[in-house]
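Read through the structure below, which is laid out as structure tokens, and then see the notes.
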């Protein structure tokens, strides 16, 4: 299982040797000093997102002009009237299942509660103290009594039952009994193998500091893995135990102190996921649902969709912040639309859907590119994949590249050094080149990378380095000949010069 243990979710600033650099397109230059944080590019599903750079002038055939012309940004002519932003947003919301409603995580600070909520919490604690026979009992590694983290745990159970104290008490007592019957403490140390490490794994942090859990359903298209996981009742039970073990270990890494990050950000990859016709998968789901319904009567069973790995939502009512579904197929959207009326508004507010073309942009809205795995459009690799130059904490700069334009990143070098960089355009379909131009008047430019057409099947990330022996500038150029807006991601690092 590839887990990234990053105790500092906020990326540190670039190293002191990083020089000021410039970003240019073929018509204008914008200087961005270092080490100020990179600008956050607003992610939207519209293709007419305002850009920070001015695009190159194009000829009547739509070819990028090679001339550099400094012009003031001005509104582009529209071929036909466009609806007002508010109207356009409403139209888009109608096309997407009601799932992109903003979700704000509830505070776990007692001081932020309303008077009635605070009263319910006090009553809940009192009843729990009176009913617990074991005063040393703990849940998710947190003592239920006399611990500063207890309020966070109890608030989650209260919210799961809309602050109805008696129902919350029943729920937590059922949970404690289930954990005892399931022998959770022993399960933590049980060796269940690593066959499913690529199905569910933790990787990086969201922009808000939440641990990110990826659920890759397409892995079950592997017949051998599918049979090994769901081929018999014993195997399905083992799968359920493995999933619970994984979540239990992940939850124990959360911060239950007041104000701490105590939820997990879920990314559900539905690419090539098995459909509802898989009998064994349905059986596994039914088993999980029955267990949930016996213990958590208010569990909205149908939000599970297809896979039972969502079932644990109510074993750990606080374990998830938002669920982002990427590479969503049509049948899943149809299923969600069907069950949508049965979901609460609070539940629906935690769902975000994105088709294959919008998946990277959607992820980048919530997770910085350096924290997103390479296979999902980012720059982060697992620890098992060697990347000696960059880590998950090295920040990435994002630049929009408009259709039929060139975008050049200009990096000024003020000392002898070795500069290393990574660069990618999600989906490519662009040309990429790199050259170094010395400041000396009589010096020749050094072609590091000739203009090369990059296709979607090429390596997702370009990595390179250059030994700088004289002052000058490094130019990284991306030429987008398509009619689609692209996103350029890059980062660089300065290393000491050695003879």
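Bear in mind that the values in this text are calculations on the coordinates, not laboratory data. Quantities reported herein were computed from a predicted structural model and do not represent experimental measurements. Note: ideal-geometry Cβ built from the backbone for every residue, glycine included; neighbour counts use all protein chains shown.
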Find how much the distance from residue 235 to residue 133 grows on full extension, using 0.36 nm per residue of separation minus their present alpha carbon separation; answer in nm with one decimal. 33.2 nm
What ranking of 477, 131, 119 emerges when the number of other C-beta atoms within 10 Å of each C-beta is taken as an exposure proxy, fewest first? 131, 119, 477
For residue 357, put the label point 7 Å out on the Cα→Cβ axis and report which residues of the range 258-277 keep their amide N under 19 Å from it. 270-272
At 0.36 nm per residue, minus the direct Cα-Cα distance, what do residue 442 and residue 112 gain on full extension? Give it in nm, one decimal, please. 112.1 nm
Extension reserve of the residue 223-residue 148 stretch, reckoned as 0.36 nm per residue once the Cα distance is removed: 22.3 nm
Here, residue 497 and residue 277, labelled 7 Å along Cα→Cβ, have an inter-label distance in nm of 6.5
Ranked on Cβ counts within 10 Å of their own Cβ, fewest leading, 234, 219 go 234, 219
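Grab the beta carbon distance between residue 452 and residue 415, set R0 = 30 Å, and tell me the FRET efficiency rounded to 0.05. Provide the component values of the computation, followed by the final result.
On the way: r = 29 Å, r/R0 = 0.97.
E between residue 452 and residue 415, to the nearest 0.05, is 0.55.
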